[in-house]
Structures are given as structure tokens and as C-alpha cells.
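See below for the structure under consideration.
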2 protein chains.
Amino acid sequence: MAIVVPLSGGRGGRKRPSLDPLLHLIEQDLGAVNRVILERMTSRVELIPQLAGHLIASGGKRLRPMLTLAAARLCGYQGARHVLLAACVEFIHTATLLHDDVVDESDLRRGSATANVVWGNKASVLVGDFLFSRAFQLMVEDGSLEVLRILSGASAVIAEGEVMQLVTSNDLATSEDAYLEVISAKTAALFAAACRVGAVVAERPRVEADALESYGRNLGIAFQLVDDALDYSARQATLGKTVGDDFREGKITLPVLLAYRRGDSEERAFWRRTLEDVDQSEADLATAQRLLERHNAVRDTVERARHYGAMATDALALFGDGELKRAMLDAIEFSIERAY
Amino acid sequence: MAIVVPLSGGRGGRKRPSLDPLLHLIEQDLGAVNRVILERMTSRVELIPQLAGHLIASGGKRLRPMLTLAAARLCGYQGARHVLLAACVEFIHTATLLHDDVVDESDLRRGSATANVVWGNKASVLVGDFLFSRAFQLMVEDGSLEVLRILSGASAVIAEGEVMQLVTSNDLATSEDAYLEVISAKTAALFAAACRVGAVVAERPRVEADALESYGRNLGIAFQLVDDALDYSARQATLGKTVGDDFREGKITLPVLLAYRRGDSEERAFWRRTLEDVDQSEADLATAQRLLERHNAVRDTVERARHYGAMATDALALFGDGELKRAMLDAIEFSIERAY
């Protein structure tokens, strides 16, 4: 018998899934991570902390470092190494964001992609390089070759994924598999590595590290799928983000691939014009949303996300029940349910 | 009594300094480095080896990996680890070149900087990221935290140096000290690290590692000073490179700083227009060269390089005489004398 409880309602009631329980449990650790980030992104070259701080402060949810912290604690880790390594994870993430901001002349001509408008391409690249190098310096300070192996490997995979995305961009012939490969590489690899690092500092058996890596990887895929769905959803606006960014850039994401495959020839011509040729007018976004709706493309993208969410959930089965595990499961639910 | 010998003449004769003796002594090692580079820059994402190969094959002199190889051998190293690590050094160097190719819209408007014209900014950045990550993966494979410390530190310093250069670009008020700081960071740091890594794999006492690092750092500064001088020298054309690239980009280098400081108010106005405002016409490069000549600015830049070359020479004093040491000293002479 379901009972209606307020959003802030007690455990056991049905409430909207949220990151808050996880945030609450690792609050102190996360505070320490933020301090390390601020301390270690300094440089006597002022532009570096300025530019990096802009991105890091305006900061996202710190989801990736949270995963390192949570994974370590779930493995019963009692030390402090996970804090420094969570900061490394955030530095690597920030570096990839900065490099993702880089645009080509052709993009500028289209009038899109102005995230790096304040400082320019070159500064974004170089400050990204600094943060990336700094992350490796911090890992060396920590001294675990295993952690270095995990995060240098993830970084290489992320770069490969980004190049893959570049190559397949504006190409509606991209298969769903190819799309999945791109998001596995560019997003899920760092989620997976962030979790594995947590298990590694706790010096737990390989099977636990594998389980946490699997949790991270599947959570990352689910997260990205929902991100891609949200870009076309009115819900996005309520989260304080612009709707249609991917559309305007001609990015090929799963909602579009589904609608394209399910559409008739007229619809396909629409997608080709707007996404392959990036020849768009005012009303096109609304049309795109209507076509996605017609073919349940956003809904089915979130359904795909549920599949990965279920795998992430099962990955945690070998850990005993407890507050932290429940909070980590809640993070999966949150990643998916934020679509609504 | 000096005797004239052909350029390929025997030892003891006065011949033009060259990298050939060094190349000859480490030829086999360098062949092995090239094989590692080709093997390890592969990726199932084809654009990566394509783009990286373009730069690596069209390849420079492989000066930096040569330094790692030579330093290791000078320390009596008999193993094979230096080959993999020399490849890391070249990957890091190539990554910084790719990132240095990135341009801003403003540069494109000026019509300069078309090095990344084939693949675009974004591809240059991402492939650079891949090579950078791959370098760290190779270091992890090697397994020395000390090497990881040296090269992650150098990478952070390089990025800082590049940002510093960006901040001081088009600013004729840059001091000679600030200029030196930039080239120490963006060029000499990797020369220094490349050499130190060689000593570290040989497991030699710290004093030898310090000496080789100092050799590398001073050689790097001399090398960059001469590069900056050559950009305005007719000699550059005979080396198969374009004259005036720095000028057209409005880069502030030592020859210009000297001529600016030594010039009268009319000359300073010329430099401000051409380099700060980057407002240039056809005849301006010739005028710039005339002004540099008038104030001996190119000659004195090479004189400064000699100073650092002398320090690099003295740094090797603690190593016993031998073919390899003589070849490494010759590399200093070559770096400077190529100006003529």
C-alpha cells in the first residue's frame, strides 16, 4: 500500500530519488575534496586558477569524485587517500570539459558553441593540459601504480571516444552500437575508473573492484543516455539548462537515431537537413521535438537507460545492505528519474 | 695549426658541428624508439594514428627522445627501458605540438596559423590528449614512480609556460626575464626531463641526474633562443623553413624585445603596429629584419644562447671523456651554430 509522503519524507516512504542521501553520507569527504581542488589548481600563472575555477566553481554535481569517495567507503576504507584521488578524477573531468569546449572555425560560422567565448580555444586547451598534468602529479604523490594505470587508461579511452564522436558527428548512419561505444568511452569510462579507484585504495579483493567498476560503467551509460534524452525534453528547462543544445550542434544522439530510423522519408529528410547539413531555422527544434514524441524516441532512450541502471544495481549485490549502498542505488534511480 | 677537412672528415679536424655523431652512436636505440612509437600510437579509431602519424612521421629530429637515450647510455645503462621512455617523451612533445596548433577565431581572421587546417582544432586537441594519456600508460608499464614524477611535473610546467606565453603574447612590455621564464617552461622543461629520465633508468646517483637535467635545461634554452633568432634569419630559408612565422603571428621573442628596447620612438611604433596590433603589410617583414640587423638583435640573441650552451657544456664535466660525451657536446654546438 503506497503512502504519499513529502519529498523530504522519511526512509521507507516513496520519495523522489535524489543524490542527497549520498551527498549527506560523504559530505565531509567531499568538503575535503573541494579544499584539495582549490589548493592544487593554483599556479603563479593567474589565468590558470581563474579559468579552471570558473568551470570548477560553477561546478556540476561533483558526481565523479563522489563515486570515488562512495566506492572507497563502501569497501570499508578508513583512510584519507580517496580524497586526493577523488580530486584527480575531478581534474581529469574538468580537463575533458575544457577540451570539449574547443571549437572549429566551421562551428563558429554556425554560430553555436560559445562555451569558451570568454578566454578562447587556446586558453581552454592549455588550462585543460595543466589540470590533466596536475592530476597525474597528484597520483604520483599518492604513489599507487595501480591507480595511475586505471586513470591513464581511462584518459586514453576518453580521448578515443571523443575522437570517435568527432568522426561520427553529423552522420545519421551511425548505428546504435557505435553510439553506445562512444558514450561508453567518453562518459562511462571515467565513471567506471572513479569507482574502481575507490575499491583499489581500500585494498579490497579484485571481485569488489570489478563490481564497483561495473556499477560505475553502467551508471555512466545510463547517465549519458538520460542527458541525451533531456536535451530534447521540456524537463531540461526546469533543471536550469537550455533545451536543444545537441540539436543546434548537429550532435547525433540516441533519441535522434531512433526517430530517424522510425521516421518516413520526409522525416528523414528533415533530420538530414537539420543535423547533417546543420541547416536550421527557428521552428526546427519544435518540429524535432514533435517527431521524437511521435516515435517515442525520448521515452525509449530512457527505457534503454533503465536497462543499464538495472545492471548497475545488480553490480552492487555482493555488498551487504546499509545506508551507503542504498544511497548509491538511489543515485542510479536519480540518474534515470531526473528525466521526468 | 688548423687543417681544412671535408665535412665528413675524421675526428680532430675542424668540422661543422652536427647531430650526426650523436645520431650515429644511438642509431639502434632510436630505431627501436621509432618502432615503439608506431606500435603504440595505434588505435581502432583510425583518425588517431592518421593525424598523429602525420606529425610524427613528418617528424622533427627526434631531439628529445635522443636526449633520453644519450643520457641513459652516458650513465652506462645497458638495459632497454630507456627506449620505451624515450617514446613517452616524444609522445608528450607531439601532444604539445598538436595543442600548440590550436587557434582562435581571431588568429584565423588574421589569416595565419593553418597548421591544423587539415583536421581542425578539435581533432588536434583530442589526438593530443590521446598521445598524452598513452605516454602515461607507457610510463605505468615501465613502473617507475620517479619517472612518472619527472614527466608529469614537466608536463604541468609546459602547460604553465604555454599559458604564460598566451598571456604575454602581443605585449612588447614583456621583460627579457619573463621571456626566459616562458621558454624555460615551454621548451627547456621537457629537454631537462628527457635527460633526467635517462639518468634515472640507469639508477645513477642524484648528482649525475642533476647534471644531466642541467645539461638538458640549458641546451633547451639555447635551442629555443636560436629558433627564435632563426625565424628572422635568411639562414632559416636554407633549412627549409619559412622566415617570419613568429612575426606574422605577433609573437614576442627575444630578437624583437632587444630591437624594441634599443629602437627610437618611430621604430617602437613600427613594432607596436606590427606585433601588438598585428596590422602588417607585405613590406613589413623586410623592415623588421632591417631593424633587427641595425640593433644586432639576432646576433645578440645567439650570443645569449652561447651563454646557456656554455652552462650545458660545463654540466657534463663530471662525466669522463668519451665518444658519447663528445657527441653530446657537439649537439650543443650544433644547436647554436645552425644559426649561421
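Read-outs throughout are calculated quantities, based only on the coordinates presented, and are distinct from any laboratory measurement. Owing to the predicted nature of the structure, the values given are computational and were not obtained by experimental measurement. Methodologically, a virtual Cβ is constructed for each residue, glycine included, from the backbone with ideal geometry; neighbour enumeration extends over all protein chains shown.
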**Study point:** Neighbourhood charge, 9 Å Cβ-Cβ cut-off, centred on A:His99 and excluding it, Lys, Arg +1 and Asp, Glu -1
**Key:** -4
Check your understanding: Across the range A:20-337, how many lysine pairs, 8 or more apart or on two chains, come within less than 22 Å at their alpha-carbon atoms?
Key -> 7
**Study point:** Most fluctuating residue given options B:Leu258, B:Leu329, B:Leu55, as computed from a GNM of chain B linking Cα atoms under 10 Å
**Key:** B:Leu55
Exercise for review: Find every distance from the label point of A:Lys325 to the corresponding label point in the other copies (7 Å from Cα along Cα→Cβ) and write them in nm, one decimal, shortest first.
Suggested key: 6.6
**Study point:** Cβ-based charge dipole, chain B, positive-most Cα from B:Ala286, B:Ile252, B:Val45
**Key:** B:Val45
Study note, to complete from the structure: extent check for the range B:213-290: Cα max minus min per principal axis, descending, whole Å, gives 42, 27, 19
Study note, to complete from the structure: Here the net charge surrounding A:Leu230, from other residues whose Cβ is less than 9 Å away from its Cβ (Lys, Arg +1; Asp, Glu -1), is 0
Check your understanding: Which of the trypsin sites (Lys or Arg not before Pro) across the range A:209-257 are loop residues per DSSP, with 12 or fewer other Cβ within 10 Å?
Key -> A:Lys241
Revision key, fill the gap. Residue ranges of DSSP H helices in chain B that stretch 24 Å or more (Cα, own long axis) and have mean Kyte-Doolittle hydropathy of at least 0.0 are B:81-100, B:120-142, B:145-168, B:206-230
Revision key, fill the gap. Exposed-loop cut sites defined as GluC sites (Glu not before Pro) in DSSP loop states with at most 14 other Cβ within 10 angstrom; longest site-free run of chain A spans A:47-202
Revision key, fill the gap. If every Lys and Arg gets +1 and every Asp and Glu gets -1 at its Cβ, then about the Cα centre chain B yields a dipole, in debye to the nearest 20, of 940
Study note, to complete from the structure: With one decimal in nm and the nearest listed first, the spacings from A:Leu38 to its own position in the other copies, using label points 7 Å along Cα-to-Cβ, are 5.3
**Study point:** Among B:Ser152, B:Ala185, B:Ala135 - extreme Cα towards positive end, dipole of the range B:123-211, charges at beta-carbon
**Key:** B:Ala135
Review point. What translational diffusion coefficient, in µm²/s and rounded to a whole number, does the Stokes-Einstein relation yield for the range B:202-251 at 4 °C and a viscosity of 1.567 mPa s, taking the hydrodynamic radius as the Kirkwood radius over Cα pairs?
Key: 100
Revision key, fill the gap. Comparing A:Ser133, A:Ser43, A:Ser155 in a Gaussian network model of chain A (Cα, 10 Å), the one with the largest mean-square fluctuation is A:Ser43
Exercise for review: Within 10 Å of each residue's Cβ, count the other Cβ atoms and sort A:Lys186, A:Lys61 from fewest upward.
Suggested key: A:Lys61, A:Lys186
**Study point:** Sum of side-chain charges, A:Ala159 neighbourhood, beta-carbon under 12 Å (Lys, Arg +1; Asp, Glu -1)
**Key:** -1
Exercise for review: Can you list the distances in nanometres, one decimal and ascending, from the B:Ser281 label point to the identical position in each other copy, with the point 7 Å along Cα to Cβ?
Suggested key: 4.7
Check your understanding: Do the sum for chain A: with -39,500 (n - 2.57) for every DSSP H run of n ≥ 4, divided by all residues, what is the mean residue ellipticity at 222 nm, to the nearest 500 deg cm²/dmol?
Key -> -21500 deg cm²/dmol
Check your understanding: GNM on chain A, C-alpha springs below 10 Å: top fluctuator among A:Leu69, A:Leu148, A:Leu85?
Key -> A:Leu148
**Study point:** Electrostatic dipole magnitude of the protein assembly as shown [Cβ: Lys, Arg +1; Asp, Glu -1; Cα centre; debye, to 20]
**Key:** 980
Point to revise | Convex hull (Cα only) mean projected area of chain B, reported in nm² to one decimal | key: 18.0
Exercise for review: Quick one, can you get me the convex hull of the C-alpha atoms of the range A:252-340 expressed as volume per residue in Å³?
Suggested key: 105
Practice item. Taking every pair of Cα atoms in the protein assembly as shown, average 1/r, invert it to obtain the Kirkwood radius, and report Rg/Rh to two decimals. Key: 1.02
Study note, to complete from the structure: Of the residues A:Val226, A:Leu84, A:Gly263, the Cα lying farthest along the dipole of the range A:20-337 towards its positive end, which is defined by charges on the beta carbon of Lys, Arg, Asp and Glu, belongs to A:Leu84
